[in-house]
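Contents: one structure, followed by commentary.
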Amino acid sequence: MSSASFDIFRPAEGAVLDLDSLQAIASTSDRLLSAYLDARWPGVPSLVLDGLEIDGDWASGGPPGTRRPDSMSTGVRVSPGSAIVESKDGRKFLLQVKEEMRVNWPTRSGSAVRGVLVMVPDIKSAQIKGGLIVARESVSAQLGFVEPRLANRAHYLPLAAAVGNGQDWATDIQRIWQPEHEAIQLLLKRFERLEQNVWRAEPQGGVWDRQVIGRNWTRYQTVAAAALQAARSVLMTRTSTTRDRVRLLSGLRQQLEMSVDEVATQLLQLIGSREGAGPYAEVIPPVRDE
């Protein structure tokens, strides 16, 4: 029978304060941050908690949170914010960025580049006068671009990824958004338009042909409209992670396919191609072999 154990700091009269005791203090924050991540999104090594948005207008298409940076700019600006990040040695930190950051585009093509903008913790040992190393480290944020195939490394926190059309960048990769976030509000408006299309739709589609829920078309429309309203209610009332939103849209797509399937197709059109969908590629059903 195996068991897991770890040290906790417990001061006592006359007890010796050894290195392991100090390490128990240092590891407390790492365990707390890891527990928070496991509760919100099991398995994810890092997460944007607030801000850290790239500058640019919201794109008309693409997965939620897709932005279109200024194509004439020499670099990209990232707003202040906070995130839980992981170092190369597996330690987790709450990184708070209080001022806007900027990094140049990696090529002369500007925003029309294939890559992923990532943030990593830059950890340096602190020193005092005379070069004497003290028992603390300085942690700061560092931005850079990496190839898409490298972006899933644990110590990289992806902030934005090129969609592939040479203009837009998807930002909803590993984030928490409040219901008031502008990207959530834009998604809610998209749902409103989809619901309008539900009531305009004509009786057709494989589900209608098979009479899955009868021969009353209004019943199919009601099921689809109710699914959209339920999804809107979740987004309007709950703080959500990217993973939560992917699950929500996947479930919504399945419900629409079982009622007014042409609106399910319209939902997929909002997300765009699988190549540039990032985490939202899970919403797109796999191609069936003939």
Cβ contacts < 6 Å: first residue among the hydroxyl-bearing types (S, T, Y), restricted to the range 269-290; second residue modelled with pLDDT of 85 or more, any location; separation 6+ or different chain. Result? Y280/P63; Y280/V246; Y280/I271
Output the residues belonging to the range 97-151 that are surrounded by 14 or more Cβ atoms within 10 Å (Cβ to Cβ) and farther than 23 Å from G56 by Cβ. P121, I123, E137, V139
Residues of the range 118-161 satisfying the condition of being out of contact with any strand residue (DSSP E or B) (no Cβ under 9 Å at 6 or more places or on another chain) and either in a loop (DSSP other than H, G, I, E, B) or outside the structural domain of G75 (by TED's automatic domain parsing) (or both): K129, G130, G131
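Scan the range 213-253 for residues that are outside any helix (DSSP H, G or I), farther than 29 Å from R175 by Cβ and in contact (Cβ under 8 Å) with a residue 40 or more places away in the chain and jot them down. I'd like the intermediate steps shown before the answer.
We begin by selecting, within the range 213-253, every residue outside any helix (DSSP H, G or I); these are 213-216, 238-241.
Those still in the list that are farther than 29 Å from R175 by Cβ too: 213-216.
Matches in the range 213-253: I213 only.
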In the set V116, V120, the lone residue that is closer than 22 Å to I271 by Cβ and hydrophobic (A, V, I, L, M, F, W, C) is V116
Condition (residue is farther than 23 Å from A151 by Cβ and at pLDDT 90 or above) applied to the range 70-84: is it met by at least one residue? no
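Out of the range 162-173, which residues are crowded, with 23+ Cβ neighbours inside 10 Å and not in a strand (DSSP E or B)?
Here is the first cut: in the range 162-173, the ones crowded, with 23+ Cβ neighbours inside 10 Å are 163, 168-172.
The answer is V163, D168, T171, D172.
The values are calculated or read from the model by the stated rules, or taken from the named source; none is laboratory data. Since we're looking at a predicted model, the values are computed, not measured. With ideal geometry, Cβ positions are generated from the backbone for all residues, glycine too; neighbour counts draw on all protein chains shown.
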